[in-house]
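**Student:** What follows is a single structure, and I will ask about it in a moment.
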Amino acid sequence: MADSEMGEATLERKLAVYRNLDERFVIREERYKGQQFSHIYFMRLHHMRSQLQSLIPKWKPHLPVNTVLGLEEGKECIIVGTLYKHMKLKPSILDEYSKERSAIPLVKPHNFMSTDDHLILEDESGRVKLAGPMLAPSAFVTGIVIAVHGKETSEGDFFVEDFLEAGLAPQVDRPLDSREDKFVAFVSGLSVGTNAFNPLQFQLLVDHITGHLGDENEQRISSKIVRLVIVGNSMHISHGFFSGQTVAPKDHAKLTEPIRELDIFLTQLVAALPVDIMPGCNDPANYSLPQQPLHRCLFAGASAYNTFVSCTNPHHFELDNVQFVGTSGQNIDDLYKYSDAKDKIEFMERTLRWRHLAPTAPNTLGCYPYVDKDPFLIESCPHVYFVGNQEKYETRLLQGPDKQLVRLISIPRFCETGVAVMLNLRNLECHALSFSTNL
Amino acid sequence: MSSSTITSFFRQEKKRTNDGGGVTIAKLCSKIGLDLAPFLVSSTDQLRSTKELSKEAEERLREFDIDMRYGPSMGLTRIERWDRASALGLCPPADVECLLLATSTISHCLWQGRV
């Protein structure tokens with residue numbers, strides 16, 4: 001809200017109708033009774049198989065669908081199952097027990113792919129190795145459910161002639177009647193508490209969004225921002241504090257200073273507009289996905305406002321009937337470690353095509369051992385899909401075969417780039433907001 | 001003075017047994033034509049509700065544990081697995097539900113605690 005000195009009408013901030021849809025990611029009724037991850041894979045396979053089975057008649061109607069155990073050599077058929085990618089470079093906890101421990105620690109490559117990787121398809125009855133040039137292992141990861149067409153060879157492998165991914169889920173129509181521009185601002189990787197954090201740079205962002213910066217034209221633009229989403233890694237608690245030892249009184253300040261500093265900035269923001277804050281891998285939240293909302297007690301100042309919303313990671317919400325889904329980056333970063341693509345946006349596209357936000361969970365990405373659901377399944381294609389804590393700002397408008405339209409946004413780390421992202425709700429156009437304190 | 005004893009003021013009521021549960025299970029069983037008698041063995045306990053499962057019943061439940069269609073059996077109780085299968089529309093056998101509801105002990109699958 002900004003006053004103009006010449007006594008003209010006060011600029012009012014635009015409003016948008018918000019619906020928080022994080023309920024499926026909140027861990028409330030679930031109880032851990034020692035269960036393992038087989039249940040989440042069973043739920044995933046069951047759900048995805050029924051979706052694929054409705055698509056198979058349109059793909060290859062004349063072929064029978066078999067189970068893995070029901071394969072006959074030489075008989076052409078379709079099988080549906082979960083992919084497992086065997087990677088020899090993938091670190092395995094069993095290595096600690098099988099080999100002798102060497103004094104030199106293993107060098108961790110950032111990417112565990114090798115040319116020896118091969119794919120295996122598994123359903124309840126069994127598993128079979130997939131052969132043939134159609135499926136390039138570098139584009140796939142463990143945990144996705146696909147249908148493959150081919151036949152069993154004499155060696156017992158399944159030679160793949162063609163494969164089917166579920167593709168983009170059906171999308172609810174976006175309302176097209178809005179005539180005014182309304183913006184959603186995204187920022188990620190603030191990392192308050194590290195040396196990379198520049199308070200002046202973030203204060204510039206805060207002042208711009210709250211409308212305390214610039215002339216009337218700039219304030220007019222700021223008044224159109226209806227919401228700010230902070231996409232993870234807002235603070236950085238030094239990992240030394242997570243070792244489980246008690247924190248000495250002299251170190252208490254190092255633990256609480258970043259949180260308090262962030263709260264001061266957040267209070268300025270929530271006083272001006274609604275803010276959603278998501279946890280990231282460096283925030284004081286649980287490690288495994290879905291990360292639970294940051295606790296209100298961390299934000300003594302900001303949590304007093306009803307515009308402050310602490311969200312889960314992944315985060316699903318609706319603004320003026322536009323569907324938003326986003327994560328703080330762990331799902332895409334894990335795909336980057338185990339597969340190859342030309343850019344992060346392509347990984348994001350793949351997760352939409354596979355209809356699963358985090359297919360590598362629980363294999364290589366920490367995940368809660370759900371028994372009766374898999375909350376990462378994408379049942380309805382969102383209109384905006386955002387991922388935080390990436391290297392650079394990238395965006396693409398993805399078009400689906402059933403008139404789906406998705407805006408994909410890769411949000412860069414603010415502490416490194418000084419870049420925040422603005423999305424226009426009216427037309428899903430996206431642009432970057434760059435803040436620099438270098439003269 | 002003759003009949004106005006304290007028992008006429010405070011009428012004694014018979015303690016309610018688990019007739020509510022029993023009636024439902026009986027209804028279920030009669031609906032599917034299952035006679036529970038061969039499956040239930042009276043324990044030495046007087047209360048009707050604690051009936052132990054006979055060997056045939058245990059065999060039937062183990063078949064349910066092994067059945068691949070309803071997903072993994074370890075890590076959840078048999079009735080939870082039955083409910084999950086039912087919620088997914090897999091139509092798990094109704095006689096298994098009867099058997100599971102007829103006993104008061106919550107049973108896990110065969111391998112629970114052993115693997």
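Bear in mind that the values in this text are calculations on the coordinates, not laboratory data. Since the structure is predicted, the reported quantities are computational estimates derived from the model, not experimental observations. Here the Cβ positions follow ideal geometry from the backbone for every residue, glycine too, while neighbour counts run over all protein chains shown.
**Student:** Subtracting the Cα-Cα distance from 0.36 nm times the residue separation, let me have the gained length for A:Glu216 to A:Gln53 in nm, one decimal.
**Tutor:** Using 0.36 nm per residue and subtracting the Cα-Cα distance, I get 53.0 nm.
**Student:** Taking the inverse of the average 1/r across all pairs of different Cα atoms in the stretch A:174-286, what Kirkwood radius in Å do you get?
**Tutor:** 15.8 Å
**Student:** More than 35 Å apart: what percent of Cα pairs in chain A qualify?
**Tutor:** Pairs farther apart than 35 Å: 36 percent.
**Student:** To check you understand DSSP bridge types, tell me what percent of the beta bridges within the stretch A:357-438 (both residues inside) are antiparallel, rounded to 5.
**Tutor:** Counting only bridges with both partners in the stretch A:357-438, antiparallel ones make up about 70 percent.
**Student:** Given R₀ = 30 Å, what would the calculated FRET efficiency be for A:Lys129 paired with A:Asp402, taking r from the Cβ atoms and rounding to 0.05?
**Tutor:** 0.35
**Student:** About the Cα centre of the stretch A:245-344, what is the dipole size in debye to 20, counting +1 per Lys and Arg Cβ and -1 per Asp and Glu Cβ, all else neutral?
**Tutor:** Dipole about the Cα centre, nearest 20: 260 debye.
**Student:** Can you give me the distance in nm between label points at A:Arg260 and A:Lys75, each placed 7 Å from the Cα along the Cα-to-Cβ direction?
**Tutor:** Computed distance between label sites A:Arg260 and A:Lys75 equals 7.3 nm.
**Student:** Right, here's the next one. If a/c stays under 1.5 just call it rounded; otherwise compare a/b with b/c (prolate if a/b is bigger, oblate if not). Do that for the stretch A:338-385, with a ≥ b ≥ c from the square roots of the Cα gyration tensor eigenvalues.
**Tutor:** oblate
**Student:** How well do other chains shield peptide A:32-38, expressed as the mean number of their Cβ atoms within 10 Å of each residue Cβ?
**Tutor:** Other-chain Cβ atoms within 10 Å of each residue's Cβ, averaged: 4.
**Student:** Based on the alpha carbon coordinates of the stretch A:17-155, what radius of gyration and maximum Cα-Cα distance (Dmax) apply, in Å?
**Tutor:** Reported Rg and Dmax, both Å: 19.3, 60.
**Student:** Still on this structure, please answer the following. With the cut-off at 21 Å, tell me which of the pairs A:Lys129/A:Lys344; A:Lys344/A:Lys392; A:Lys75/A:Lys129; A:Lys88/A:Lys129; A:Lys337/A:Lys403; A:Lys224/A:Lys403 have Cα atoms farther apart than that.
**Tutor:** From A:Lys129/A:Lys344; A:Lys344/A:Lys392; A:Lys75/A:Lys129; A:Lys88/A:Lys129; A:Lys337/A:Lys403; A:Lys224/A:Lys403, over 21 Å: A:Lys129/A:Lys344; A:Lys337/A:Lys403; A:Lys224/A:Lys403.
**Student:** Rounded to the nearest 10 degrees, what's the angle between the helix A:344-353 long axis and the longest principal axis of chain A, both from Cα atoms, 0 to 90?
**Tutor:** Approximately 60 degrees, to the nearest 10.
**Student:** Along the charge dipole of the stretch A:171-300, pointing to its positive end and built from +1/-1 on Cβ of Lys, Arg, Asp and Glu, which listed residue (A:Phe202, A:Ala185, A:Asn282) has its Cα farthest out?
**Tutor:** A:Asn282
**Student:** Something else now. Please state, as a whole number in µm²/s, the translational diffusion coefficient that the Stokes-Einstein equation yields for the stretch A:346-439 at 25 °C and 0.890 mPa s, with Rh defined as the Kirkwood radius across alpha carbon pairs.
**Tutor:** 162 µm²/s
**Student:** I've got another one for you. Using only Cα atoms and rounding to the nearest 10 degrees, what angle (0 to 90) does helix A:38-59 make with the longest principal axis of chain A?
**Tutor:** It is inclined by approximately 80 degrees.
**Student:** So how compact is the stretch A:288-417: Cα radius of gyration and Dmax in angstrom?
**Tutor:** 15.4, 47
**Student:** Here is a follow-up. Taking the DSSP beta bridges in the protein assembly as shown as the whole, what percent of them are antiparallel, to the nearest 5?
**Tutor:** Within the protein assembly as shown, antiparallel bridges account for around 65 percent of the total.
**Student:** Suppose each label sits 7 Å from its Cα in the direction of the beta carbon; what would the B:Phe10-B:Ile32 distance come out to in nanometres?
**Tutor:** With each label placed 7 Å out from Cα toward Cβ, I get 4.5 nm.
**Student:** Roughly speaking, what is the stretch gain from A:Ser288 to A:Ser178, that is 0.36 nm per residue apart minus the C-alpha to C-alpha distance, in nm to one decimal?
**Tutor:** 35.7 nm
**Student:** Under 19 Å from the 7 Å Cα→Cβ point of A:Ala304, by amide nitrogen: which residues of the stretch A:252-273?
**Tutor:** A:259-273
**Student:** Still on this structure, please answer the following. So what's the angle, to the nearest 10 degrees on a 0 to 90 scale, between helix A:199-210 and the longest Cα principal axis of chain A?
**Tutor:** With rounding to tens, the tilt is 80 degrees.
**Student:** Ranking request for peptides A:128-139, A:256-267: highest mean number of other beta-carbon atoms within 10 Å first, then the rest in descending order.
**Tutor:** Listed from highest to lowest mean packing, they are A:256-267, A:128-139.
**Student:** Under the 0.36 nm per residue contour assumption, what length would be gained going from the current alpha-carbon distance of A:His110 and A:Lys14 to full extension?
**Tutor:** This chain segment gains 30.2 nm when fully extended.
**Student:** Under the definition of partner shielding as Cβ atoms of other protein chains within 10 Å of a residue Cβ, what is the mean value for peptide B:66-76?
**Tutor:** The per-residue average across the peptide is 5.
**Student:** Can you say what percent of the DSSP beta bridges in the stretch A:53-212, counting only those with both residues inside, are antiparallel? Round to 5.
**Tutor:** If we restrict to bridges inside the stretch A:53-212, about 80 percent are antiparallel.
**Student:** Something else now. A:His62 label point, 7 Å along Cα→Cβ, cut-off 17 Å on backbone N: hits in the stretch A:153-183?
**Tutor:** Answer for the stretch A:153-183: A:161-162.
**Student:** Further question on the same structure: Can you order the peptides B:72-84, A:241-253, A:316-328, A:156-168 by their average number of other Cβ atoms within 10 Å per residue, highest first?
**Tutor:** Going from most to least packed, we get A:316-328, B:72-84, A:156-168, A:241-253.
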